[in-house]
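Beneath this line is the structure, given in structure tokens, with notes to follow.
The values are calculated or read from the model by the stated rules, or taken from the named source; none is laboratory data. Note that this is a predicted model, so its numbers are computed, not measured. Cβ sites come from the backbone with ideal geometry, for glycine too, and all protein chains shown count toward neighbours.
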Amino acid sequence: MELLEKSKLRIVEKSMTPVEALSEVGNFLHEVGSTHASYTEEMIDSFHTLGPYFVIAPSIALAHSKPSSSVIQNDLVLVLCKQPVNFGSKNDPVTLLFGLCAKEAHGHMDVLMKVGEMLEDQDLVSELSECETIEQLYNCIHQKTT
Amino acid sequence: MRELQIQAVCGFGVGSSMLLKMKLSSAFKKINVEANVFTSDVASATSTKSDAIFTSSELAETMQARAKCPVIVINSFVNVAEIDEKVKSFVESLEK
């Protein structure tokens, strides 16, 4: 699977609550055909029960739920939040909101590994946050990972 | 030193913990310490035998009371310097 192609990128200008942001990224996974709508509900439920632990680094969230029948195929999408979202984490506010779904526990290792390497680069993370168009966002991601 | 058993924990053991597992594995390798790093979910981590649990601050709070091994908080799962340093000081604490 190609890492974050253009159809997997979205920029949101409006301000969002945590639940609205999770709905946005969940619906995105659903719209690209990778999850059933129930996956979005599962992500929101896990936020309510486990808290904002998926905010894994300053300004970066990796929203996901567990592998289940709600997942159609492994996928990763990215929502750039132009109005950063506060999830109640030490790493708030979040601008890079990733949405992950996997059919089985080890189904997305290669993609995660690439994203993990990409996000180590703090300059790139701030560059990504400043992108205004999908085109810019795509070029910014792929100049470093290809 | 024997091979250490290390848990990387997130809500379900499939997303952020996978990312953390990769960074932890390379941190142990860098200091030549043998470690079996595996992912767990927050519900089963404290009943699984291991030498240490690495996780986010939110999940650490829920595990701290029940864990039988050190629970080490990683603030940024993509900050290699932080992860390397916390792995190193954990290993040093074992050697004392």
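Report yes if A:LEU62 is farther than 18 Å from B:GLY11 by Cα and either at the interface with chain B (Cβ under 10 Å from one of its Cβ atoms) or in contact with a strand residue (DSSP E or B) (Cβ under 6 Å, 6 or more places away or on another chain) (or both), otherwise no. Break it down stepwise before answering.
On the way: farther than 18 Å from B:GLY11 by Cα: no; either at the interface with chain B (Cβ under 10 Å from one of its Cβ atoms) or in contact with a strand residue (DSSP E or B) (Cβ under 6 Å, 6 or more places away or on another chain) (or both): yes.
No; evaluated as a whole, the condition is false for this residue.
Across the stretch B:51-68, what is the number of residues that are more than 18 Å from A:GLY51 (Cα to Cα) and either modelled with pLDDT of 95 or more or buried (at least 17 other Cβ atoms within 10 Å of the Cβ) (or both)?
The total comes to 4.
Tell me, please, whether a residue that is within 19 Å of B:VAL78 (Cα to Cα), more than 14 Å from the chain's Cα centre (by Cα) and surrounded by fewer than 20 Cβ atoms within 10 Å (Cβ to Cβ) can be found in the stretch A:71-83.
No, that holds for no residue.
Out of all the residues in the stretch B:38-66, which are of a type in the set (Val, Ile, Thr) and within 11 Å of chain A (Cβ to nearest Cβ)?
Those that are of a type in the set (Val, Ile, Thr) and within 11 Å of chain A (Cβ to nearest Cβ): B:THR39, B:VAL42, B:THR55, B:THR62.
If you check every pair at least six apart or on different chains, which have Cβ atoms under 9 Å apart with a residue in the stretch B:67-91 that is within 14 Å of another protein chain (Cβ to nearest Cβ) and hydroxyl-bearing (Ser, Thr, Tyr) first and a residue that is assigned to a strand (DSSP E or B) and surrounded by 17 or more Cβ atoms within 10 Å (Cβ to Cβ) second?
B:SER76/A:ALA57; B:SER76/A:ILE60
Sort out which residues of the stretch A:24-65 are touching a helix residue (DSSP H, G or I) at 6+ places or on another chain (Cβ under 6 Å) and among the small types (Gly, Ala, Ser), and write them in order of number.
A:GLY26, A:ALA37, A:GLY51, A:ALA63, A:SER65
With respect to A:LEU100, is the statement that it is within 23 Å of B:MET18 (Cβ to Cβ), under 12 Å from the mean Cα position of the chain (by Cα), away from chain B (no Cβ under 14 Å) and crowded, with 18+ Cβ neighbours inside 10 Å true?
no
Please specify each residue of the stretch B:40-64 satisfying the condition of being part of a strand (DSSP E or B) and either more than 9 Å from the chain's Cα centre (by Cα) or not β-branched (Val, Ile, Thr) (or both).
The answer is B:SER40, B:ASP41, B:ALA52, B:PHE54.
Out of the stretch A:36-59, which residues are among the aromatic types (Phe, Trp, Tyr) and within 8 Å of chain B (Cβ to nearest Cβ)?
A:TYR53, A:PHE54
B:LYS23 is checked against (1) facing chain A (nearest Cβ under 10 Å); (2) without any contact (Cβ under 8 Å) to a residue 24 or more places away in the chain; (3) over 18 Å from A:HIS64 (Cα atoms) and fails just one. What number does that condition carry?
Evaluating B:LYS23 over (1) facing chain A (nearest Cβ under 10 Å); (2) without any contact (Cβ under 8 Å) to a residue 24 or more places away in the chain; (3) over 18 Å from A:HIS64 (Cα atoms) leaves (2) as the failure.
Does B:ILE6 meet the test of being crowded, with 20+ Cβ neighbours inside 10 Å, at pLDDT 95 or above, more than 17 Å from A:SER68 (Cβ to Cβ) and more than 10 Å from chain A (Cβ to nearest Cβ)?
For B:ILE6, the condition - crowded, with 20+ Cβ neighbours inside 10 Å, at pLDDT 95 or above, more than 17 Å from A:SER68 (Cβ to Cβ) and more than 10 Å from chain A (Cβ to nearest Cβ) - is met.
Applying the selection to the stretch A:48-57, what residues are crowded, with 19+ Cβ neighbours inside 10 Å and either out of contact with any Phe, Trp or Tyr (no Cβ under 7 Å at 6 or more places or on another chain) or in contact (Cβ under 8 Å) with a residue 60 or more places away in the chain (or both)?
A:LEU50, A:GLY51, A:TYR53, A:PHE54, A:ALA57
Against the definition (under 26 Å from A:ASN91 (Cα atoms), part of a helix (DSSP H, G or I) and basic (Lys, Arg)), how does B:LYS23 come out, yes or no?
So B:LYS23 fits the description; yes.
Taking the stretch B:76-96, which residues are surrounded by fewer than 18 Cβ atoms within 10 Å (Cβ to Cβ) and touching a Pro at 6+ places or on another chain (Cβ under 8 Å)?
The one that is surrounded by fewer than 18 Cβ atoms within 10 Å (Cβ to Cβ) and touching a Pro at 6+ places or on another chain (Cβ under 8 Å): B:SER93.
So, restricting to helices (runs of 4 or more DSSP H) that lie completely within the stretch A:100-146, which ones have at least 3 residues that are within 20 Å of B:ALA81 (Cα to Cα)?
A:109-119, A:122-130
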